[in-house]
Each structure stands twice: as C-alpha cells, then as structure tokens.
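The values are calculated or read from the model by the stated rules, or taken from the named source; none is laboratory data. Since the structure is predicted, the reported quantities are computational estimates derived from the model, not experimental observations. All Cβ positions, even for glycine, are placed from backbone atoms using ideal geometry, and neighbour counts span all protein chains on display. Quick note on the areas: whole protein, heavy atoms, side chains included, nothing else; ligands and nucleic acids left out. Shrake-Rupley method; radii C 1.70, N 1.55, O 1.52, S 1.80 Å.
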Amino acid sequence: MNTASTPRMSNTLNKSCALCADLNRVYHSASNYSEARVAMPMAQGVYSKSFIGPDLSLSYVDIKFSQAMHIDGIKKTPGDKCGLMFCLHGGMHWETWEEKREHHVVSGGNCLLTPASSTGRSFFDEGSQITSLGVSFNKNYLAALLRRAGVVGPEKALQQDKNGLHAGLNSPGIRSVLSDIVGCRFSGCLRGMYLESKIMELFTVYFAEVLLENGRSEPKTGLSKEHVERLHKARLILDADVANAPTLSALARMSGLNEYRLKTGFKELFGLPVHAYVIDKRLETARRLLEQEKLRVTEAAQMVGYSELGQFAGKFKRKFGMTPSEFAKNS
C-alpha cells in the first residue's frame with residue numbers, strides 16, 4: 001500500500017504497510033471466518049471474510065479513510081475465481097494489475113468480476129467511506145447454477161463491457177437481500193446455512209435482472225433493441241433511488257430518450273407508466289420496511305419519499321387492502 005504525499009511520509013508508510021498487512025491477512029486467510037478491525041490514523045473500520053462452502057465465500061468491508069491513499073497488495077486470485085461486488089455506500093475506483101485497466105463502480109452499484117478483472121490497486125479519497133459486500137465463487141460453480149436455471153451457454157450469458165466487467169445498479173430486490181445478509185442475527189452453523197440461502201437468493205435476483213437487461217428474455221414489443229436498452233437504463237436509474245426519482249424530463253436526458261419515447265416505450269415494455277412504476281416501487285419498498293425491518297409507519301413513509309403521511313396511507317391501502325398501521329400490526 002502507498003498513500004498520497006504527506007509531510008511525514010516515513011511514518012505514514014509504516015502505518016500504511018500495517019493496514020495493508022491486516023487486509024491481506026484476511027483476504028488470504030483459509031479460516032472459516034477472519035476479521036480485521038482497522039483503527040489507524042488514516043483509516044477506521046472493519047474487513048471480514050467468511051467461507052460459506054468450498055466454492056463460495058463472502059466478504060464485508062466498512063472502512064472510512066481519513067486521508068487520500070491507494071492500496072496495493074490484494075493480487076489476482078489464482079484459478080477460476082469470479083466475484084460479485086455490491087457497493088452499499090460509497091463508490092469504488094481501481095485498476096487491474098496486469099491489464100492496467102481502470103474500473104469504476106458507483107455508490108449503490110454492483111459489478112461482476114472475472115478472474116482477469118480482479119482487484120489490483122484501489123484508490124480512496126480523503127474522507128471517503130466504502131461499505132460493500134462481495135461474493136466470491138468458482139466460474140464452474142456459476143456455470144452450473146445458470147445451467148440448472150435453464151440458461152443455454154452460461155459462459156456467454158453475461159455480456160461484459162470491453163474491459164471484462166459487468167456493472168449495474170442495485171435494484172430494490174437486490175438491496176433487500178443485501179440488507180438481510182448484513183443484518184444476519186445467527187451464529188455458528190445456523191449463520192452459514194442462513195448466509196448460503198441468502199446468497200442463493202441474491203444470485204437468483206441478480207442474474208434474473210442481468211439476463212433480462214442483456215436481452216435474454218426478449219420483450220414482445222415492436223421496440224428496437226436500442227430503445228429497449230435505453231428503457232432498461234431508465235428503469236435501473238429509478239430502481240437505484242426510488243425515493244428521489246428524477247423528473248420525467250431528467251430521466252429522459254439520463255437515459256438518452258426524448259420524453260415521448262420514454263413515456264410510451266416504458267409503459268409498453270414494463271406495463272406501467274413511469275409515474276405509476278415509481279409509486280408501485282415505493283409502496284413495495286415500504287411494505288418490506290414495515291414487514292422485515294419493523295420500521296415505524298412514519299419512518300417507512302419518509303424512506304420511500306413520502307412526507308405526507310395521509311397520502312402515503314391512502315396509496316398503501318389501495319394497493320394492499322389495508323392501511324400501513326394495520327399491515328404493521330399483522331406483520
């Protein structure tokens with residue numbers, strides 16, 4: 001690990017090496033569970049890794065950096081290891097060791113990493129914080145899962161970009177499963193069983209969405225391929241932060257469509273107008289927050305973008321047949 005230039009370079013480098021050693025110890029550990037608690041002047045937080053099975057592991061990172069730095073030393077994993085990374089808070093910027101390619105994943109985004117795109121050098125700004133979940137698995141393990149799901153030619157199922165990276169945004173469905181994983185209350189064998197089941201659920205949601213995004217489920221519409229791709233981009237933008245959905249005109253600009261093509265195409269492809277889709281997603285998210293997170297009605301309403309409780313309650317009852325308070329009592 002090296003840091004940005006500082007007046008006390010020798011002292012900083014010694015501490016940086018200690019941080020790098022801690023992270024690498026966890027990364028290369030063969031234990032069922034390994035953890036590093038980081039408490040240094042330049043970084044504070046935690047990094048852990050759990051082995052769920054012979055072909056499956058889970059890592060969790062929650063670190064805040066007090067100064068700009070870059071981290072070297074987590075080298076390419078040998079063999080056919082792949083990984084899924086989900087940024088819960090803060091984005092990631094790194095370059096690969098041998099290819100010298102740069103990759104970026106935004107806050108609230110995700111990426112699929114092949115062995116050729118493993119982490120080499122990661123960059124962090126002063127004051128930045130990264131909270132992420134990573135799932136590591138064997139390439140053949142992924143192929144077997146996709147074949148069981150009926151995907152023909154699983155090795156070609158995921159169309160990556162020119163740098164060998166498939167990146168997207170965390171949808172409400174993905175965020176729900178990630179929340180369950182982070183909030184796991186079990187320990188011992190039960191913890192392993194729970195996490196494995198949740199990772200399978202995560203795979204199911206993620207790959208279903210990615211395969212649809214890549215056109216593996218052909219829409220029965222008269223829309224062009226480019227139009228469909230831009231509409232999927234618009235939906236991903238909405239899903240990334242449904243509580244603060246952009247205006248129709250802003251969404252059109254962000255997705256590369258004019259407003260008319262966005263409105264007509266979105267309804268044709270997804271079955272709902274943009275505004276109705278946003279409302280439906282907000283209410284579905286609120287239902288999950290009430291049922292799984294046990295939030296109060298006012299908290300759930302605010303988290304999905306409703307400041308008027310009466311308006312929220314009315315829409316909720318029309319969709320689910322009961323008020324949010326009634327639903328919370330019965331959950």
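Structure summary
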{"read-out": "Any chance A157 is under 27 Å from E284 (Cα atoms) and at pLDDT below 75", "value": "no"}
{"read-out": "Within the stretch 280-324, tally of residues that are farther than 27 Å from F266 by Cα, in contact (Cβ under 8 Å) with a residue 24 or more places away in the chain and β-branched (V, I, T)", "value": "1"}
{"read-out": "Filter result (exposed (fewer than 14 other Cβ atoms within 10 Å of the Cβ) and either assigned to a helix (DSSP H, G or I) or at pLDDT 80 or above (or both)) within the stretch 213-229", "value": "S224, K225, E226"}
{"read-out": "A208 vs. criteria closer than 26 Å to G256 by Cα, modelled with pLDDT of 85 or more and among the small types (G, A, S)", "value": "no"}
{"read-out": "Complete set of residues in the stretch 189-212 that are of a type in the set (G, A, S) and out of contact with any helix residue (DSSP H, G or I) (no Cβ under 9 Å at 6 or more places or on another chain)", "value": "G192, S197"}
{"read-out": "Selection within the stretch 239-248 - assigned to a helix (DSSP H, G or I) and at pLDDT below 90", "value": "D239, A240, V242"}
{"read-out": "Selection from the stretch 249-279 of residues that are in contact (Cβ under 8 Å) with a residue 24 or more places away in the chain, open to solvent by less than 50 Å² (accessible area, probe 1.4 Å) and either hydrophobic (A, V, I, L, M, F, W, C) or assigned to a helix (DSSP H, G or I) (or both)", "value": "S255, L257, L262, G265, F266, L269, F270, V274, Y277, V278, I279"}
